[in-house]
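Have a look at the structure below before the remarks.
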Amino acid sequence: MTLIGLFALGKGFTAAVQAAPEGFDKGRDLYNSAGSCVACHMADGKGQPGSIPALAGSDWLDDPNRTIAIVLRGLAGPVTVNGKQFYSAMPPQLLFGDDQLALMITYVNNGWGNEGPAVTTEQVKEARATLPMAVYTPHAMLKAFPFPKNKQKANGTFKPDFDDVLTTVTVPIVYRTFMPGASPAAFAVALPGNQYYCWDAGECRLRYSWTKGGFIRGNRIHWSSNGQPVAEFNGFPYYRARSSLLKPEDYQDLAKTNLKTPFYDTTEALDFPIRISEEDELPSFRGYRLIGGYPEFRYQVGQCEIRELIKSSEDHSGIVRSFTVSPAVPITFRLTPDENASITASAGSIEEDGTLQLKAHEAAAFQITILEKYPAVPATTTTKGGNQ
């Protein structure tokens, strides 16, 4: 809300504050609901440094039509927000109706000190019916909804014309992007030692991990808005988490980007691997934070909050998944046996079918280590990376 005046009363002052637009409180509730904007942009609107741009004070909120287009169609590719570059993707928000999106955008336009206009249901409805059916790149978005001339230079975008597959990773790299075999809300993460994984925020689960072939290709083809948003990678996963619709034989298609229909598994976590007694709810994503550059994912199952932090193993031959569960309760973790990986746990014992039973005190904090049985020969060319 905006301070619009100071009025003298005797020796003191009273601030007159502009009333919040109609629907502001409802928009705030929708923004902060499970699986909504708050998961990435955070409750304070500040986003995730180096990964997700801030909404609070964002210079991209000057045109409500542009904002509506981003929300409805998504935005994928390198983008400059408030003078900082981000290399991530925002999926289209397809789960909300026109009235809900109007309320959320109105809240964003007026929250955290922003001073934007209210957005109506009719505006969103018209945009949904008339906008091109494709994910926008920043270049395409600003061509359709340009900045004023005095802002164009400061907010210029760039189009990568190279294949930026990394050969040696020295610091964690986090891409919020579209990954094959995952819901649209996926993360691709590269770890020091050339370990890579896909984590699905839509379903709160690790999808797969790989090392051979390099990280995803973040090139011009991938970031184009030609209906081919799925990232490509040359490797083959050595670990593939169990999923009801994604069968082992389907993984030969993981790297394809030219599919008419993106290769997504949208099971909505019906077979979520962590089972908590007396809790039948599906998990809900609560966001993530960077710890030393590594993303720690937070998700809720009933009354329990689970935090998951993934790093390379000490010898860089696999990944180590560190979990904390609060409050501590007994859990059943259904891992997926894989002939290409060995799986161990810091507590309990893993049965042949991949089931891990943990008592409450064991589940409070535990680790699962997944190592590749047949590691690749280390690469010799060094290309440094960082949070994009």
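All of (1) assigned to a strand (DSSP E or B); (2) closer than 30 Å to residue 54 by Cα hold for residue 282 with one exception: (1). Within region 176-199, the residues that satisfy the criterion of being within 10 Å of the chain's Cα centre (by Cα) and in contact (Cβ under 8 Å) with a residue 24 or more places away in the chain are 176, 177, 178, 184, 185, 187, 188, 199.
Would you confirm whether or not region 366-388 contains a residue that is assigned to a loop (DSSP other than H, G, I, E, B), at pLDDT 85 or above and surrounded by 13 or more Cβ atoms within 10 Å (Cβ to Cβ)? No, the conditions are met nowhere in region 366-388. Looking only at region 18-40, filter to residues that are more than 21 Å from residue 53 (Cβ to Cβ) and modelled with pLDDT of 85 or more; which one of those is surrounded by the most Cβ atoms within 10 Å (Cβ to Cβ)? Filtering region 18-40 for residues that are more than 21 Å from residue 53 (Cβ to Cβ) and modelled with pLDDT of 85 or more, the one surrounded by the most Cβ atoms within 10 Å (Cβ to Cβ) comes out as 23. For region 284-298, a tally of residues being touching a Lys or Arg at 6+ places or on another chain (Cβ under 8 Å) and farther than 26 Å from residue 170 by Cβ returns 4. Condition test on residue 87, is it farther than 21 Å from residue 127 by Cα, aromatic (Phe, Trp, Tyr) and out of contact with any Lys or Arg (no Cβ under 8 Å at 6 or more places or on another chain)? For residue 87, the condition - farther than 21 Å from residue 127 by Cα, aromatic (Phe, Trp, Tyr) and out of contact with any Lys or Arg (no Cβ under 8 Å at 6 or more places or on another chain) - is met. Among the residues here, residue 319 does not qualify as hydrophobic (A, V, I, L, M, F, W, C), touching a helix residue (DSSP H, G or I) at 6+ places or on another chain (Cβ under 8 Å) and in the same structural domain as residue 237 (by TED's automatic domain parsing). Please verify whether residue 102 is small (Gly, Ala, Ser), under 19 Å from residue 22 (Cα atoms) and in the same structural domain as residue 23 (by TED's automatic domain parsing), treating the condition exactly as stated. In short, yes.
So, in region 88-122, exactly how many residues are surrounded by fewer than 22 Cβ atoms within 10 Å (Cβ to Cβ) and hydroxyl-bearing (Ser, Thr, Tyr)? Final tally of qualifying residues: 2.
Are there any strands (runs of 3 or more DSSP E) wholly within region 287-336 with 1 or more residues that are among the aromatic types (Phe, Trp, Tyr) and in contact (Cβ under 8 Å) with a residue 12 or more places away in the chain, and if so which?
294-301, 318-326, 331-334
Only a single item in (1) in contact with a Pro (Cβ under 7 Å, 6 or more places away or on another chain); (2) at pLDDT 60 or above; (3) on the phi < 0 side of the Ramachandran plot is not met by residue 197, and it is number (1).
The values are calculated or read from the model by the stated rules, or taken from the named source; none is laboratory data. Small disclaimer: the values here were computed from a predicted structure and weren't measured. Reconstructed Cβ throughout: ideal geometry from the backbone, glycine too, with neighbour counts over all protein chains shown.
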